[in-house]
Structure formats: structure tokens, C-alpha cells
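The values are calculated or read from the model by the stated rules, or taken from the named source; none is laboratory data. Model, not experiment: these values are computed from the prediction. Counting neighbours? That spans all protein chains shown, and the Cβs are built from the backbone with ideal geometry, glycine included.
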Amino acid sequence: MSDIYEVLEVIKERHWREKHEENKEEYQRDPSCLRCYGINEIKIDKWFEGFWKIFQKVILEAMGYNRNTYAKLLEYIVLTRKSGEERYPSSKKKRDKEFEKIMKEGEKLLDIVVVSIRYRNKPDLKEEGIKSVIKIICEHYMFDEEDKLIINERETEENLLGNKELIRWGSIITDDELDIRFTRFGEWLAEKESVEIKDKGYDTMRYLKTILHLEEEGDIIKEENREIVKKFQKSITYQWWD
């Protein structure tokens, strides 16, 4: 959020001026506007109260939410709920394709959730970091027998505050996301180098996750980080085509 905070502040001020002071027909949209997306018309359920309580303990700068936050977060939780064969077809290719579709839809919802929240100051985490916090919290939601959302706040808070990946990198890469990236890497090898991945080692995915984080920070090209790339390459067993 620290990477887009100033932009959102400009959007907020412009929206207020154009929409609520000058009453223009065409105006800057602001997903965080409390007047446009007030919460008086909706009931805030306990599942969201639990989310907000945990979220504010991690993102100390978060000070307010609106109807966008509530509605889009609920959509995200329902979308990403894993329910057996409905979410995971038997074919890995179909499973990956289905997850990619869910992931893209989920990212769009999280984009709205993040910018719909009002922050008193610039958060320490970047936008992807705040998305990661939301993802970790949402992973702990369950549906009870009456299909109502429930969450163990204490357990979720402990897992979130103790998440080593989030602490180290400021964001997380889920196992499902990592699998997709590895599959894409394999497809790229097959297309560009005529090489097939036969097997991967015990540490392959750990190396890949580190590489992706370094890439996100723009540090992968540094000399001291080349060793992790070599380790990743050597951890894979290749099948060369004749």
C-alpha cells in the first residue's frame, strides 16, 4: 500500500471535490468513499467483525471500511472456498486452469477490498503485502452446518503474526500460486528449449518461491542472488528431447 498510497489520496480528494462539492455528472470514482458506499444500509455480521479486528492488529494504519469492503471480501471468501471436486477436478491440467480462473477473479476482488479501506497514514506494507494479509485471514474461514462463516480469531491472529514469509518478504505466495508458476515454467521450457521436467527435488519449490520474491523486489539480477537460481536449476531432473 505504501506504493500506491499517494495516488489513492489524490483520487480521494478529486472524487470528493468533483462528486460531492461540484456535483459533476462525470467524476473521479473512489471505492473508499463513505458517502457513496455507506454501511448504514447493511448489517455487518460477526464474521466481518472478526476479520476487521485481526486486520487492524496487523495493518495498524487501517481506520475505516465501507460497503465495498464488506461485499467484495465476502465474494472473495465464497469464491475461494475449496469444496472437493467442485473446485478441484481430477485432471491436473483442468485443476490448474480452474484455479487460474479463480485466482484472477479473486485478485480483482482483492484490488477493490484494499483500495476501499481508509488508512490514517501510509501503511508499511505494499499493496501486495496487504492482499497477503487478507488472504491469510480468509484461509481460516469455515462454513458451519448452517452455511454461516466462522473463524477462530486467536488461531488466525497467531498464524498471521507469526508468518515467517510475510515477515521476511512483506507478502506471501500461496502453494496453489506456486504450483501454477512452476507449471508455467515447465511449459516455457518445453516450448523454448525442447526440454521436459521429469522430476523436481525436495527443495525445488522453496527455491522457486525465493526467486519469485526476489524478482518482485527487483533483486534477482544481483550477483549475490545468482546462487539460488543455480540451486533451483540443479534441483530439477530434465528429460531432453531427441
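Of the numbered conditions (1) in a helix (DSSP H, G or I); (2) within 17 Å of LEU73 (Cβ to Cβ); (3) out of contact with any His (no Cβ under 9 Å at 6 or more places or on another chain), HIS140 fails exactly one; give the number of that condition.
The single condition HIS140 does not satisfy is (1).
The rows are residues; the columns are (1) among the polar types (S, T, N, Q); (2) closer than 30 Å to ARG81 by Cα; (3) modelled with pLDDT of 90 or more; (4) surrounded by fewer than 11 Cβ atoms within 10 Å (Cβ to Cβ).
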site	(1), (2), (3), (4)
ILE173	no, yes, yes, no
ASP179	no, yes, no, no
ALA190	no, no, no, no
THR204	yes, yes, yes, no
ASP219	no, no, no, no
GLU223	no, no, no, yes
TRP241	no, no, no, yes
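Take the residues of the stretch 79-110 that are modelled with pLDDT of 75 or more and touching a Pro at 6+ places or on another chain (Cβ under 9 Å): which is farthest from GLN56 (Cα to Cα)?
LYS97
Are any residues in the stretch 54-81 over 19 Å from the mean Cα position of the chain (by Cα) and not small (Gly, Ala, Ser), and if so, which ones?
Filtering the stretch 54-81 down to residues over 19 Å from the mean Cα position of the chain (by Cα) leaves 63-64, 66-67.
Correct list: MET63, ASN66, ARG67.
From LEU149, LEU214, grab the single residue that is crowded, with 16+ Cβ neighbours inside 10 Å and in contact (Cβ under 8 Å) with a residue 40 or more places away in the chain.
LEU149
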